[in-house]
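Read-outs: derived from the displayed coordinates by stated rules, not from any lab. This structure is a prediction, so every number in the text was calculated from the model and none was measured. Methodologically, a virtual Cβ is constructed for each residue, glycine included, from the backbone with ideal geometry; neighbour enumeration extends over all protein chains shown.
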Amino acid sequence: MAVHITLPESRKKSAVPDAPKHLVTPGDVITTDTGYMRGHGTYMDDDKLKASLAGVVERVNKLICVQPLKTRYNGEIGDVVVGRVTEVGQRRWRVDVNSRLDAVLMLSAVNLPGGELRRRSAEDELMMREYLQEGDLISAEVQAIFHDGALSLHTRSLKYGKLSQGVMVQVSPSLVKRRKTHFHNLPCGASVILGNNGYVWVSPTINDEKTESSGGYEQDLEPVPSTDREVIARLRNCILALATHKLLLYDTSVLYAYEASRQHQVKDLLQPDIAEKVADDTRQRLQMESG
Amino acid sequence: MCHKIRHPRYWLIVPFKMAGLEIISDQGYRIDGRRSSELRKVCARMGVFTQADGSAYIEQGNTKALATVYGPHEVRKGRGKIQHDRAVVNCQFSMATFSTGERKSRPKGDRRSQEMSMHLRQTFEAVIVTELFPRSQIDIYVQILQADGGNYCACVNAATLAVIDAGIPMKDYVCACTAGFIQDSPLLDISYVEESAGAPFLTVAMMPKSEQIVLLEMNSRLHADNMEKVLDLATQGCKDVFAVLDRHVRDHVSESHALMTAS
């Protein structure tokens with residue numbers, strides 16, 4: 001088995017077009033006009049509106065906010081997230097969703113196995129650990145936001161629930177594009193869930209008929225064939241390559257990256273120069289399609 | 001340039017010419033060739049680690065520091081630390097065993113590291129807008145990879161860049177610099193050789209745009225008449241460091257923004 005070793009390379013400065021219009025760093029004065037409302041990333045000091053983050057100023061009518069490059073996930077109601085259970089508490093599970101506080105999944109917000117609709121009893125509380133344990137991965141939707149910023153999740157639909165076999169990739173939340181749907185069955189032979197919180201789940205193609213009866217809690221633990229495994233591994237490396245080169249992730253970009261990577265071996269995609277090539281090819285193809 | 005001082009009594013008269021090393025030569029050059037009010041070369045890089053929320057590496061002359069920031073996240077260990085109205089800032093300072101001339105193993109909990117960690121925590125608690133993150137924790141880990149004077153300053157500068165990289169709101173940058181006083185002239189950015197020559201020096205950490213001093217540290221004795229000169233030089237040094245860091249942050253942000261919006 002050969003080990004691949006490379007010497008450190010200096011980062012290449014990519015061909016950068018002109019600087020964005022209004023770039024600020026912490027402490028910069030954005031405006032002294034008091035008519036504006038301050039949004040995220042700003043604070044008032046005397047009569048001046050100053051930036052507290054390094055980023056681009058966005059102005060929507062009278063609201064001024066600063067968008068940073070990367071930040072922890074800030075939940076919005078309706079977002080699809082992939083999270084990991086960290087704690088089983090009284091009538092709730094605490095789920096890590098890459099945000100500043102752990103999200104809460106209430107017992108009343110999950111589907112009981114078998115799809116029953118009834119009041120949760122004390123027995124259900126004691127059986128919580130049989131449904132979800134610490135370390136389990138789930139996909140859920142944000143139902144509400146607590147006053148301190150913690151999210152409240154629910155898995156009321158059959159497409160949400162415990163995730164069984166697959167690979168999770170962690171990227172920055174700002175790289176996941178907001179779309180109508182975040183569950184994609186890619187034609188290359190795998191399914192992808194692009195969580196808004198930056199956690200991406202790649203798994204073998206989900207058959208819709210199987211999940212209806214179980215209510216989202218049965219894990220399919222049959223061995224996955226090696227062709228599917230290779231597709232999943234290739235997709236995972238493509239997503240990492242796109243994230244390293246700061247391309248937005250959505251179904252089209254992931255698919256184009258997969259097709260651009262076909263000529264390389266799956267493990268070669270981890271090397272920085274090949275990953276850069278795949279990202280550049282994807283970027284060019286996306287620009288051609290749009291422009 | 002060796003001065004052989006025969007009579008032992010004369011050693012007291014010329015303290016800063018010991019062993020032939022003059023801190024400032026007759027032409028006004030220091031040991032490393034700088035002038036008395038020149039900073040050492042500052043090289044910085046943001047986003048060194050992809051796993052951490054924010055990270056930065058800085059070199060000030062031969063002093064190298066690496067900072068990583070995690071957060072804000074849920075308080076994991078010890079529910080007693082949770083503050084209901086603001087975030088808890090947790091700093092940890094460490095020096096690598098290979099950072100000094102002699103390899104010295106430093107246990108994490110020793111006095112010097114704890115004192116530095118406390119200074120860093122006080123500095124960043126004053127600057128980070130912690131009221132936006134109730135019940136969370138922000139971790140800042142700084143490690144010195146090579147120590148050549150100005151360790152605290154390199155830590156503060158690296159941690160500032162790492163906090164900006166992590167997207168945690170701050171009121172302003174925090175830049176730190178040392179200034180000393182040798183042979184009737186103030187010196188900027190003291191290196192290890194100048195520190196060990198025994199000259200008095202102070203460390204200043206300040207917010208450059210609002211010109212507020214966040215931390216001022218001095219462990220030696222300096223005459224009150226000279227204090228103002230040295231302090232002015234140190235604040236000017238902080239503003240010079242800020243100019244370098246700000247340019248670097250702007251380049252980094254504009255490049256990353258261009259990459260993200262190009263797709």
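Please name whichever of B:Q51, B:A205, B:T97 sits farthest to the positive end of the charge dipole of chain B, dipole taken about the Cα centre and charges placed at Cβ: Lys and Arg +1, Asp and Glu -1.
Looking along the dipole axis, the top candidate is B:T97.
Given segment A:21-117, what percent of its DSSP beta bridges are antiparallel, to the nearest 5?
Just about 90 percent of them are antiparallel.
So what is the diffusion coefficient of the protein assembly as shown in µm² per second by Stokes-Einstein at 25 °C and 0.890 mPa s, using a Kirkwood Rh over Cα pairs?
D = 93 µm²/s.
Take B:D189, A:D28, A:D228 and order them by how many other Cβ atoms sit within 10 Å, fewest up front.
Ordered from fewest to most neighbouring Cβ atoms within 10 Å, B:D189, A:D28, A:D228 come out as A:D228, A:D28, B:D189.
Taking the Cα centre of the protein assembly as shown as origin, sum charge times position over the Cβ atoms of Lys and Arg (+1) and Asp and Glu (-1), and report the length of that vector in debye to the nearest 20.
660
Return the loop-located trypsin sites (Lys or Arg not before Pro) in segment A:21-57 (DSSP other than H, G, I, E, B) with at most 16 other Cβ atoms within 10 Å of their own Cβ; answer none if there are none.
A:K21
For labels at B:Y29 and A:D273 in the simple 7 Å Cα→Cβ model, what's the distance in nm?
About 4.2 nm separates the two model spin labels.
Check the straight Cα-Cα distances from A:K246 and name the lysines below 19 Å, setting aside those fewer than 8 residues away within the same chain.
A:K12, A:K13, A:K70, A:K177, A:K277
If we restrict to alpha carbons, what Rg and Dmax does segment A:52-110 come to, in Å?
For segment A:52-110, the Cα radius of gyration and maximum Cα-Cα distance read 15.8, 45 Å.
Sort out the exposed loop GluC sites (Glu not before Pro) in chain A (DSSP loop, at most 10 other Cβ within 10 Å) and tell me the longest stretch that has none.
Of all site-free stretches, the longest is A:117-291.
Once a ≥ b ≥ c are taken as the square roots of the eigenvalues of the Cα gyration tensor of segment A:1-133, is the result rounded (a/c under 1.5), prolate (a/b larger than b/c) or oblate (a/b not larger than b/c)?
Oblate.
Could you state the per residue volume, in Å³, of the convex hull enclosing the Cα atoms of chain A?
188
Would you calculate a helix-derived [θ] at 222 nm for chain A, using -39,500 (n - 2.57) for each DSSP H run of n ≥ 4 and dividing by the full residue count, to the nearest 500?
That calculation yields -6500 deg cm²/dmol at 222 nm.
Looking only at other chains, what is the average number of their beta-carbon atoms within 10 angstrom of each beta-carbon in A:243-251?
3
Among all stretches of chain B without exposed GluC sites (Glu not before Pro) (DSSP loop, at most 14 other Cβ atoms within 10 Å), which one is longest?
Excluding the exposed sites themselves, the longest stretch runs over B:103-210.
Along the three principal axes, how long is chain B when you take its alpha carbons, biggest first, rounded to the nearest angstrom?
Answer, in whole Å and largest first: 69, 44, 37 Å.
Of the cross-linked pairs B:K41/B:K64; B:K41/B:K239; A:K62/A:K180; A:K21/A:K62, which ones have a Cα-Cα span greater than 20 Å in the structure shown?
Over 20 Å Cα-Cα: A:K62/A:K180.
Taking loop as defined by DSSP and a crowding limit of 15 other beta carbons within 10 Å, which chymotrypsin sites (Phe, Trp or Tyr not before Pro) in segment B:88-139 fit?
Within segment B:88-139, the qualifying chymotrypsin sites (Phe, Trp or Tyr not before Pro) (loop, at most 15 other Cβ atoms within 10 Å) are B:F98.
With +1 on the Cβ of every Lys and Arg and -1 on the Cβ of every Asp and Glu, and nothing else charged, how large is the dipole of segment B:117-263 about its Cα centre, in debye rounded to the nearest 20?
So the magnitude is around 360 debye.
Could you estimate the translational diffusion coefficient of segment A:17-85 from the Stokes-Einstein equation, with Rh from the Kirkwood formula over C-alpha pairs, at 37 °C and 0.692 mPa s, in whole µm²/s?
Rounded, D is 244 µm²/s.
Using 1/(1 + (r/R0)^6) with R0 = 35 angstrom and r between the beta carbons of A:N185 and A:D45, what's the FRET efficiency to the nearest 0.05?
That gives a FRET efficiency of 0.10.
Whole angstrom only: what separates the Cα centroid of segment B:149-203 from the Cα centroid of segment A:63-104?
Result: 37 Å between the Cα centres.
In what order do A:C188, A:C65 fall by count of nearby beta-carbon atoms within 10 Å, going from fewest to most?
Starting with the residue having the fewest Cβ neighbours, the order is A:C188, A:C65.
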